[in-house]
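*Asks:* I'd like to ask some things about the structure below.
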Amino acid sequence: MNINLPRLGGHLACLGAYLIFGFNIVFSKDIALSGVLSPMQVYTLRAVGACLIFWAVSLFRPREKVSGKDMLLIFLAAMVGLFLPQLSFLKAITVTTSIDVSILGSTTPIMTMFVAAIFLKEPITLKKAGGVLMSFLGVMLLIFNSVHVDSGADTTSPAGVLLMIVNGLTFALYLGIFRPLIARYSVITFMKWAFLFSVLVSLPFELGSLCRLDYANIEPSLYWQVGYVILFATFFAYLFIPIGQKHLRPTIVSMYSYVQPIVAVIVSIYTGIDNLSWQKVVAAVLVFAGVAVVNRSRAAGQPKPEKAAV
């Protein structure tokens, strides 16, 4: 059996990124609902922290020149793939119930499938659509058969729904449109510039408020949570996702987002909040089976398989 190591690496990178994002949802909700940091402040801290780490790592790598045209495209990618999705999510979780966040977030792979079809001419085959639907049904089964801890808003506002749609659509556009750009550069080079642009957009507006925070009275647990969000959910996760984008189609990358509710359920079971049931096992099987089906579907430029002669 021949193993495509680059594709395997892409799958492992996406799995790792969305495992990290699964825990990030819990920590981001705690940070947002603490009232200590605003969504924009959290985003700014993420951008500054990740920017410093990516630039530090780049000092130990060969210098890579970026053209002026591509620099503009990286700026647009930073806005579409970093600024808008992260900020809309951080704001949405304060005005949206936990279950609605999960449901609305699960539409991202569907959006990505259509975006990839429009911009990358990725065919929407019956196999691909069936795989996406299979994973989506698995996530819905998981969501509606799990205990939902009161960790969000009491009710979902129309603004919360709109923000989650913005979150899913912008990230779908990022996965679908900027894959060729990401393929031209190393992950470190692409991300160091993307996060620098993110800092330039957010820091001027939040520097004053961040300087006025009473850091001495902030709970130590909040520091640990912010540290996780910066180091793991920003630096490592956004290091892994472009690796996946280089070797996998956008729809497959986005479908790994379905790992996040699975992580949430596993944590709930481990802490005694929820319990394991056959519905949850079936749901997890459906999610990963759907990813496998989409992975085997036809890519752009790949001819249709010929029927065997009879």
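The values are calculated or read from the model by the stated rules, or taken from the named source; none is laboratory data. All of these numbers come straight from a predicted model, not from anything done at the bench. As a convention, Cβ positions derive from the backbone with ideal geometry for all residues, glycine included, and neighbour counts pool all protein chains shown.
*Asks:* What pairs come up if the first residue lies in region 216-240 and is farther than 13 Å from Ala17 by Cβ, the second is small (Gly, Ala, Ser) and modelled with pLDDT of 95 or more, and their beta carbons are under 9 Å apart, counting only those six or more places apart or on different chains?
*Replies:* Pairs that qualify, where the first residue is farther than 13 Å from Ala17 by Cβ and the partner is small (Gly, Ala, Ser) and modelled with pLDDT of 95 or more, are Val226/Gly49; Gly227/Gly49; Val229/Gly49; Ile230/Gly49; Ile230/Ala50; Leu231/Gly49; Leu231/Ala50.
*Asks:* Another question, then. Only residues that are small (Gly, Ala, Ser) and either within 19 Å of the chain's Cα centre (by Cα) or not in a loop (DSSP other than H, G, I, E, B) (or both): list them for region 43-68, please.
*Replies:* Within region 43-68, Ala47, Gly49, Ala50, Ala56, Ser58, Gly68 meet the criteria.
*Asks:* I've got another one for you. Of Phe119, Phe144, which residue is touching a Leu at 6+ places or on another chain (Cβ under 9 Å) and surrounded by fewer than 18 Cβ atoms within 10 Å (Cβ to Cβ)?
*Replies:* Only one candidate passes the filter, namely Phe119.
*Asks:* Anything in region 246-295 that is assigned to a loop (DSSP other than H, G, I, E, B), of a type outside the set (A, V, I, L, M, F, W, C) and within 22 Å of the chain's Cα centre (by Cα)? List them, or say none.
*Replies:* Within region 246-295, Arg249 is the sole residue that qualifies.
*Asks:* A further question follows. Inside region 54-65, can you point out the residues that are surrounded by fewer than 19 Cβ atoms within 10 Å (Cβ to Cβ) and under 14 Å from Phe195 (Cβ atoms)?
*Replies:* Passing the criteria: Trp55, Ala56, Val57, Ser58.
*Asks:* Could you figure out which of (1) farther than 30 Å from Ala117 by Cα; (2) among the hydrophobic types (A, V, I, L, M, F, W, C); (3) modelled with pLDDT under 95 isn't true of Val199?
*Replies:* Condition (3) is where Val199 drops out.
*Asks:* Can you list residue pairs whose Cβ atoms sit under 7 Å apart, with the first residue in region 254-279 being farther than 30 Å from Ala129 by Cβ and touching a residue at least 60 places away in the same chain (Cβ under 8 Å) and the second being outside any helix (DSSP H, G or I) and among the β-branched types (Val, Ile, Thr)? Count only pairs 6 or more apart in sequence or on different chains.
*Replies:* Listed by first residue and then by second, the contacts come to Ser268/Val147; Ile273/Val147; Ile273/Val149; Asp274/Val147.
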